[in-house]
1. Once you place label points 7 Å from the Cα toward the Cβ at residue 603 and residue 574, how far apart are they in nm?
2. Kindly rank 403-413, 143-153, 59-69 from highest to lowest mean number of other beta carbons found within 10 Å of each residue.
3. What GluC sites (Glu not before Pro) in segment 471-553 are in a loop by DSSP, with at most 14 other Cβ atoms within 10 Å of the Cβ?
4. Kirkwood Rh, segment 223-269, all Cα pairs: how many Å?
5. Of the listed values (i) 1.30; (ii) 1.09; (iii) 1.01, grab the one calculated as Rg/Rh (Cα atoms, Kirkwood Rh) from the structure here.
6. Residue 146 to residue 109: FRET efficiency via 1/(1 + (r/R0)^6), r the Cβ-Cβ distance, R0 35 Å, to the nearest 0.05?
7. Evaluate the distance, in nm, between pseudo-label points positioned 7 Å from the Cα of residue 557 and of residue 257 along their respective Cα→Cβ axes.
8. May I ask you to compute the full-extension gain from residue 486 to residue 288, defined as 0.36 nm times their residue separation minus their alpha-carbon distance, rounded to one decimal in nm?
Amino acid sequence: MPCALSRGRYRFLNRKEVRVRFHIAVVLLLLLSSAGLGASHAPIQITSDAGFTPENGVVAGKGTPDDPYVIAGWQIQVPEGEKYGIYIAHTTVPFVIRGCQITGAMDEKGAAIALEDVRDGAIEDCIVRGSKNGILISSSHRVKLDENYIEVLGFGLRVLGTSREEFDHEITASNTVNGNPVHYYFGLVGETLQGVKAGNITLAYCEDVTLKDVSVQEGDGIYIAFSEGIVIQGADLFRNKGYGIMAFSSPGIVIRDCQRIANSPLAGIRLWLSDGARVLDSGIYGNTYGIWIDGSDDVEVKGAVVAGNGIGIYSSDGSRGLTIERGFFYRNKTAISLAATRNAVVRYSAFSEGDIAVEIKADSSFTEVSHCTMVGCGYGIDTLGSQGLFEDNVITGANIGVIIEEAYGQATPTQNTIHHNLIYRAHEAIYLGTESRETWVYENILWGYDRRGRDLGKNRWAPTGRGNWYSAYAGKDEDGDGIGDEPVYFPRNGVDPAPVMDRDSLGRVYGALDGLKEERIVLRDESGKEVQMEVLVADKPFARFLGFQGLPPEWGKDMAILFSFPKPVTSKFHMHNVYLPLEIVFFDAEGRYLGNQTMAPNSPDLYGVSSPFTYALEVPEDRWQGMGLSGAVELVLP
């Protein structure tokens, strides 16, 4: 895509130029390898101006702007144990590294070529292959890169610095990382860059720049440093060697509508000292860390699909004010982990099939986890933090619903509140460890557990006069005050003095379904009969995933959920963790009937229709049959 823009130091090559230069580099690589062109040289290390000598590979030049020192034509095989092929540091005179081939630089902390604290250096027409990392430029001024071919297992190009001058380099798109061009932008203001396919995208000291529909695969991802107002929209970032996106000291970055940020060995997204960042409606898959928030305040993650990561979202190093909302977390080992984080809020999110849904470390405080649904997780909420509020959550099928772990003298979790949660079908509902203090536990619904819990600390049950409802409680209420006459005891120290007799008196808990809007729809059958009904509208990924999962049949029998998709799909529906039979009816975008099926509780089957559909209505089977509708049914939308 030819492009000529007026501001910033960069140039796009058109596709023909990129292809030609790529093929030239490959041909040169083959010639060098097969014909033996270029003499061998040991790794080169220069640490001062005095180091530019013939013994260190200098073949020409006087170190002046008009006649720079030249290191050229060498083949360098980096031996095991050496970090660099060419390392130049702490120099002030101009130099050029030209036409060198470096292989075998496999140290993870090294690079084939590294420039540290240099002035007026250039790297031209070099080939790096068979190495871990390519070219590292650190704390340097006025470096030029042109026509370099980089084929590596780790990062291809990395520029590091702490000042504007240390990013002010001339790096052209003639450089490639793993076959795709490098796009390096410095000082760009107010531009939109669309459709770029790259091996590396770097924005340094840029303002109000939008990257739209860009793609970086098996390269360096996107690196943003000391920039403001950056928007990354619709990016496809796959199998990059470090991070999908790395933002350093770049406040206000927005990452939105990125369907795939996947398979990065470090993190899909790292936000480091980047306050006010927002990650919206994006898919984060198969990374070691899905999103790593590091010393950044007031970050928002909303509408994300986070699946198959080691840790879905990790917050650390004093981050404050994190908000995670309407997320869908699936098969992450730990979905959310909060370390040294204050005032984080997690709400209206769905979690499924992980070891831990929300983990709160001892150095975190004032965490709120509310209106979430956690299904099939080992632990629902696992905390060693203090002053946390855990309220209005549905936790179903957990090994332990809420646990304050044993701290072994390393922490004293204090003043947490566990209030009005449904803990359903858990092996153990609540575990309060030895160091836990002043935990308030009240008005929770503990239903269908194997063990109601343990309290080894010093905590408060029923602090407001009403305790919890227990499905296995067999006590009586002789005075009719709604409170059981016999306390509930928890090994070793816990006593609930006021168990609630009537479950319904506590109200129902719907978890993440509380975040769905409610609408009235009309169903009309072939005879013209109409039935009006209130439905919850599942139009976001977390809601479409969740449906009736984790709810007791007694609470789900009067509900209906309308699944709404932005465009026609052919998806299938499952019944894992659904405990009541459902009727599902499919409609196209105009509400025309496409078919219906009856779905059995916890069935391994998948349900769907052959035609693409836009809407699917789930209704409990008994309720559907009671409507008296027959034949094809039309959906009349509001």
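1. 1.5
2. 143-153, 403-413, 59-69
3. Hits after loop and neighbour filter: 478, 526.
4. Evaluated on segment 223-269, it is 10.8 Å.
5. (ii)
6. Given R0 = 35 Å and the Cβ-Cβ separation, E is 0.85.
7. Placing both labels 7 Å along Cα→Cβ, they lie 4.5 nm apart.
8. Additional length available on full extension: 66.4 nm.
Every read-out reported here was derived from the displayed coordinates using simple, explicitly stated rules and does not represent laboratory data. All figures in this text were calculated on a predicted structure; none of them were measured in a lab. Cβ sites come from the backbone with ideal geometry, for glycine too, and all protein chains shown count toward neighbours.
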